[in-house]
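The values are calculated or read from the model by the stated rules, or taken from the named source; none is laboratory data. What you are looking at is a predicted structure, and each value in this text was computed from that prediction instead of being measured. Virtual Cβ from ideal backbone geometry, glycine too; neighbours counted across all protein chains shown. Heavy atoms of the whole protein, side chains included, go into the accessibility calculation; ligands, DNA and RNA do not. Shrake-Rupley method; radii C 1.70, N 1.55, O 1.52, S 1.80 Å.
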Amino acid sequence: MILIIDFGSQFNQLIARRVRECHVYCQIESPRIAIKDIRSMKPEGIILSGGPSSIYEKNSPRIDTDIFNLKIPVLGICYGMQFMVDALGGVVKSARKREYGFAELSIKKQTGLFKNMDRKTQTWMSHGDSIQKLPKGFVITATTSNTPIAAAQNYRKRLYGLQFHPEVEHTPKGKWMIQHFLFDVCGCRRSWTMKSFAKSSIAEIREQIADQKVILGLSGGVDSSVTALLIHKAVGKQLTCIFVDNGLLRKNEASQLKQRLKQHLKINIKFVKAKTKFLNALARVSDPEKKRKIIGRVFMEVFESEATKIKGAEFLAQGTLYPDVIESVSAFGGPTAVIKSHHNVGGLPKKMKLKLVEPLKYLFKDEVRALGKTIGLPDDLVWRQPFPGPGLAIRIIGEITRQRLAILREVDSVLLEEIRNGGYYKRLWQSFAILLPLKSVGIMGDSRTYEHIVAIRAVTSKDAMTADWAKLPHAFLGKISNRIINEVRGVNRVVYDISSKPPSTIEWE
Ligand code: XMP
């Protein structure tokens, strides 16, 4: 394993992604980690991340400098390199010229991280301070026009520093450099695969749960479905999943899930019909935040009342992912300081004092998908687009009524069918319809109509933090619009949302 020390860079998750893409396991930890804990983790290598601080600031993040005495290879990136240089007796100064953006790297030594590489390569820089003098034993391995010490190494002690960011796509050969560090310098093996993860995770879950019972809130999304299947493989019928049908789901969602997970994979699922409860609580409510709060509250009530019926349950499983855990907002608090509660079952159910089981908490989304595939989750569940906990309620602008839900469900179903048939489903982060609280005039046959407007939203994204509206072909959009207006009663106009996030959001409410 590779240990990544989080000095607060916005790219930390990317470093972890790059390492994992090389099939090497890695974990991000706070600089406050104790040397004895590092020793017990037995990392093959340590990566010190970049960060926004200057090494000379009073409260700049620091790690115990004994890490340089552990005889473990260290790669310092940007601030991480400056920290290493400063700790080992070199000099870091505020640069006269801040360097930000592309820079051409001239490689002086084609060894270590730069083995077999061309002498010139493009890199991406983002630093204010720069290194004036290297510590004893280090040599310069690369320069740029503004940064004479752009890369350095102490070959004997296996310490490496890069002033630029090898983890970003703007450094095209960065992945090679990381690979050289992992395999040539640290001697890592490519052993991190979802097959090996599944095996060890199932064994761990079995040990943790032993002969006790475990409850899981199943939403039908990929995270909770993979969690369910993994735990099912570990402890079978000791797992009870609770699926709350809140009446705000897409067409056939509950029945498809029943067929796939319950009938086919034999997972123990309790389907709870709570539509009336939700719709009554939502009656005459238009404010988006109020809608969300009501749905959250009713969900908790329903889930808790079902969960307490499961006598002797000791554990609550959640599909928390690694990005939720790391949230590297502050290098000072460290990555694990902030743990986001899971969207829909966060903090549940407190009264029962359940212990948490979170088998996916070290995985990224694409790893979860790969894991799902490995353990036999059907493809359509593995590739399911994200669907928000409050469901169609936040896609009906204004009041939620049974009639409006029925219209939106039909529109959404036509849209999804076309998106799937057109081969766009996997390529889009999300695609869905929104029902507007407006009517407009139309003409059908010889008669005037006055009916609903629906909007279509299709976005591409990597992580939902930013998103771009999908440039779907006009003819394809035309076909969708035609089908919706012809097939769904009550709709006579379709519009396409061409806003990106930011400044818009993906959902409309
Ligand atoms: P926005 O609309 O903020 O959405 O751009 C970002 C992503 O989060 C999803 N989303 C939710 N998911 N419960 C969820 O489980 C929620 O309350 C919720 N609100 C938004 C949204 O679908 C998108 O993928």
| Along principal axes, Cα extents of segment 445-494, largest first, whole Å | 46, 20, 13
| note | Relative to the chain, whose Cα atoms define the longest principal axis, helix 474-487 and its Cα axis are tilted in degrees, nearest 10, by 30 degrees
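Over the chain, with every protein chain in place, what whole percent of the accessible area is carbon and sulfur at 1.4 Å, could you tell me?
Ligands and nucleic acids excluded, carbon and sulfur reach 51 percent.
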| message | Please compare each pair in Lys71/Lys109; Lys120/Lys173; Lys42/Lys233; Lys71/Lys361; Lys175/Lys373 to a cut-off of 18 Å on the Cα-Cα distance and tell me which ones are over it. | response | Lys71/Lys109; Lys42/Lys233; Lys71/Lys361; Lys175/Lys373
| message | If packing is taken as the average count of other Cβ atoms within 10 Å, what order do 405-411, 147-153 fall into, highest mean first? | response | 147-153, 405-411
| message | On a full-extension model of 0.36 nm per residue, what is the gain between Ser305 and Lys258, subtracting their alpha-carbon distance, rounded to one decimal in nm? | response | 14.8 nm
| Mind checking the angle between helix 402-421 and the chain's longest principal axis? C-alpha axes, 0 to 90 degrees, to the nearest 10. | 50 degrees
| request: Count the DSSP beta bridges whose two residues both fall in the chain, then state the antiparallel fraction as a percent rounded to the nearest 5. | output: 50 percent
| message | In Å², and per residue, what accessible area does segment 14-171 have when probed at 1.4 Å with the other protein chains present? | response | 46 Å²
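Calculate, in whole percent, how much of the Cα-Cα pair population of the chain lies beyond 39 Å.
Summing the P(r) of the chain above 39 Å gives 37 percent of all pairs.
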| What is the P(r) of segment 417-509, as percent of Cα-Cα pairs per 5 Å bin from 0? | 3, 13, 23, 22, 17, 13, 6, 2, 1, 0
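Below 8 Å, C-alpha to C-alpha, sequence gap of six or more: please give me the relative contact order for the chain in percent.
Relative CO of the chain lands at 12 percent.
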| field | Hydrodynamic radius by Kirkwood, which averages 1/r over all alpha carbon pairs of segment 108-223, in angstrom | value | 17.7 Å
| What full-extension length gain, to one decimal in nm, is calculated for Ser94 and Arg17 as 0.36 nm per residue of separation minus the Cα-Cα distance? | 24.7 nm
| task | Would you mind putting 24-31, 222-229 in packing order, based on average other-beta-carbon counts within 10 Å, highest first? | result | 222-229, 24-31
| note | Counting lysine pairs in segment 397-496 that sit 8 or more positions apart or on different chains, with Cα atoms under 23 Å apart, gives 6
| Taking N as the number of residues in segment 194-382, what is its Cα Rg relative to 2.2 N^0.38 Å? | 1.04
| To the nearest 10 degrees, how steeply does helix 12-21 sit against the main Cα axis of the chain, on a 0 to 90 scale? | 90 degrees
| What dipole magnitude, in Debye to the nearest 20, does the chain give about its Cα centre under +1 on Lys/Arg Cβ and -1 on Asp/Glu Cβ? | 660 debye
| request: With a 1.4 Å probe and every protein chain left in place, work out the accessible area per residue of segment 397-496 in Å², rounded to a whole number. | output: 52 Å²
| note | Taking only the alpha-carbon positions of segment 88-170 as identical scatterers, the Debye log10 I(q)/I(0) at q = 0.22, 0.25, 0.27 Å⁻¹ comes out as -1.09, -1.34, -1.46
| request: Return P(r) of segment 8-129 (all Cα-Cα pairs; 5 Å bins starting at 0; whole %; ordered from short to long distances). | output: 2, 9, 17, 21, 23, 17, 9, 3, 0
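Counting each DSSP H run of 4 or more residues in the chain as -39500 (n - 2.57), what helix-only mean residue ellipticity at 222 nm follows after dividing by all residues, to the nearest 500 deg cm²/dmol?
My calculation for the chain gives -8500 deg cm²/dmol from helical runs alone.
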| task | Among DSSP beta bridges lying fully in segment 2-185, give the percent that are antiparallel, nearest 5. | result | 60 percent
| said: Below 17 Å, Cα to Cα, which lysines can Lys273 reach? Residues fewer than 8 away in the same chain don't count. | reply: Lys251, Lys258, Lys262, Lys309
| task | Only loop residues by DSSP count here, and only those with at most 11 other Cβ atoms within 10 Å; note down the trypsin sites (Lys or Arg not before Pro) in segment 1-60 that meet that. | result | Lys58
| query | What's the Kirkwood radius of segment 132-184 in Å, using all Cα pairs? | reply | 11.9 Å
